[in-house]
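Novice: Before anything else, here's the structure in question.
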Amino acid sequence: MIPGTHNALADSRNQDIKIFINGELLSRDDAKISVFDSGYLVGDGVWEAFRLHQGVLVFLDQHLDRLWQGAATIGMALPFSRADLIEDVWKTIRANEMHDHVHIRVMVTRGIKKTPSQDPRLTISGPNVVIIAEHKIASPETKEKGITLFTSTIRRGSPDYLDPRLNCHSKLHEVQALVQALEAGADEALMLDVNGFVATCNATNFFMVKDGEVWTSTGQYCMNGITRGNVILVCEQHGIPCKQKNFSLFDVYGADEAFATGTFGGLTPVIKVDGRVIGKGQYGPMTRKLDVLYQDLIQAETKKQEK
């Protein structure tokens, strides 16, 4: 298995999944989009990821808010309602007979282009909607062992040219950062903001722990992570000091613990950054505590939606 925050246990059922494309359910081998799709041509689209937990799509409203905000940001009118999209997600889930430990990716592009071009006026169809639901359990081995990071020279963008909070299909700068990290022998990349402060990882948000306090970036230059927000929430609920602040690699190298957060992996310990061992180089007590509190929040969300 490839180490990292998206490391999942192998599941043969994923070879036979049905994929939703514009109202149709197609086999994995038959699920295709035109080469004139605007997402393929110029990265013009937005996406969202959900988790199905015990038959419940957890934190659904937060994810839908982020998707609709992303569409509004890129000036793409969605010709369907939230209820319509939710029904399509459930249609995909039911077709695959799924109930638990499922990761769902929803991708919406501007549509089919008349010719390869950036110009949205050359789009000749409505938005393309793809929903992929897979059986996915985060690797317990990765969770226990932790991951290593390398600080990339690729910076997180300023909000005035590509706001990091936007879940868009244009991810090349994050891929570049990850490639640097992989070539340096790390699992994933740590990315700084335009001022040199720690912003986020290439695909997840970053936290560190120092003297009983939990630190994360200000939020100005990092992804608008749902899990990030929920970790901040459980800290507030349980009296754990959590600061959204500027901090640098100087602070990270001297941290007691560090971890990354994301919809799929939840909380993943970070044991090494740029070759420096973080704390004791293991899954630390604060990270374990926050992971339990986060799982409790998921259970509470599940019970609330079941009522």
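Throughout, read-outs are computed from the coordinates displayed, never taken from laboratory work. For clarity, every value in this text was computed on a predicted model and none was experimentally measured. All Cβ positions, even for glycine, are placed from backbone atoms using ideal geometry, and neighbour counts span all protein chains on display.
Novice: By the 4.7 Å beta carbon criterion, which cysteine residues of the chain come out unpaired?
Specialist: 168, 201, 222, each lacking another Cys Cβ under 4.7 Å.
Novice: Gain in length, residue 303 to residue 14, computed as 0.36 nm per residue apart minus the alpha-carbon separation, to one decimal in nm?
Specialist: The residue 303-residue 14 span can extend by a further 101.3 nm.
Novice: A further question on this structure: Using only alpha carbons, build the gyration tensor for the stretch 141-303 and give me the equivalent ellipsoid semi-axes, biggest first, whole Å.
Specialist: Semi-axes, largest first: 23, 18, 15 Å.
Novice: Helix 60-73 versus the longest principal axis of the chain: what is the Cα-based angle in degrees, 0 to 90, to the nearest 10?
Specialist: Approximately 70 degrees, to the nearest ten.
Novice: Residue 184 to residue 277: extension gain in nm, 0.36 nm per residue of separation minus the Cα-Cα distance?
Specialist: Contour length minus Cα-Cα distance gives 31.9 nm.
Novice: Taking H as built 1.01 Å from N, whose amide H comes closer than 5 Å to the amide H of residue 210, not counting residues under 5 places away?
Specialist: For residue 210, the qualifying residues are 215, 256.
Novice: Could you derive backbone 3J(HN,Hα) for the stretch 157-172 from the dihedral phi with the Karplus parameters 6.51, -1.76 and 1.60 (θ = phi - 60°), listing whole Hz in sequence and x where the residue is Gly or Pro?
Specialist: Values, residue by residue: x, 6, x, 8, 10, 8, 4, x, 6, 7, 7, 10, 6, 7, 10, 4 Hz.
Novice: Let me ask something additional. Restricting to DSSP H runs of at least four residues, report the calculated mean residue ellipticity at 222 nm for the chain, -39500 (n - 2.57) per run over all residues, nearest 500 deg cm²/dmol.
Specialist: For the chain, the value works out to -9000 deg cm²/dmol.
Novice: What are the ³J(HN,Hα) values, in whole Hz, obtained from phi via the Karplus relation 6.51 cos²θ - 1.76 cosθ + 1.60 with θ = phi - 60°, for each residue of the stretch 107-121 in sequence order, with x given for Gly and Pro?
Specialist: For the stretch 107-121, the Karplus curve yields 10, 10, 10, 5, x, 7, 8, 5, 7, x, 6, 6, 4, x, 5 Hz.
Novice: If you don't mind, there's one more thing I want to ask. Using the Cα centre of the stretch 141-303 as the reference point, and only Cβ charges (+1 on K/R, -1 on D/E), how large is the resulting charge dipole? Debye, rounded to the nearest 20.
Specialist: It works out to roughly 60 debye.
Novice: To continue, here is another question. Taking R0 as 45 Å, what's the FRET efficiency between residue 250 and residue 60 from their Cβ-Cβ distance, rounded to 0.05?
Specialist: 0.70
Novice: On a 0 to 90 degree scale, rounded to 10, what angle separates helix 285-306 from the longest Cα axis of the chain?
Specialist: 30 degrees
Novice: Next question. Give the calculated FRET efficiency between residue 28 and residue 288 to the nearest 0.05, with a Förster radius of 35 Å applied to their Cβ-Cβ distance.
Specialist: The value I calculate is 0.45.
Novice: Set the Förster distance to 45 Å, then compute FRET efficiency between residue 236 and residue 117 from the Cβ-Cβ distance, nearest 0.05.
Specialist: Efficiency, from the Cβ-Cβ distance: 0.45.
Novice: About its Cα centre, how strong a charge dipole does the chain have in debye, to the nearest 20, once Lys and Arg get +1 and Asp and Glu get -1 at the Cβ?
Specialist: Around 180 debye, computed over the chain.
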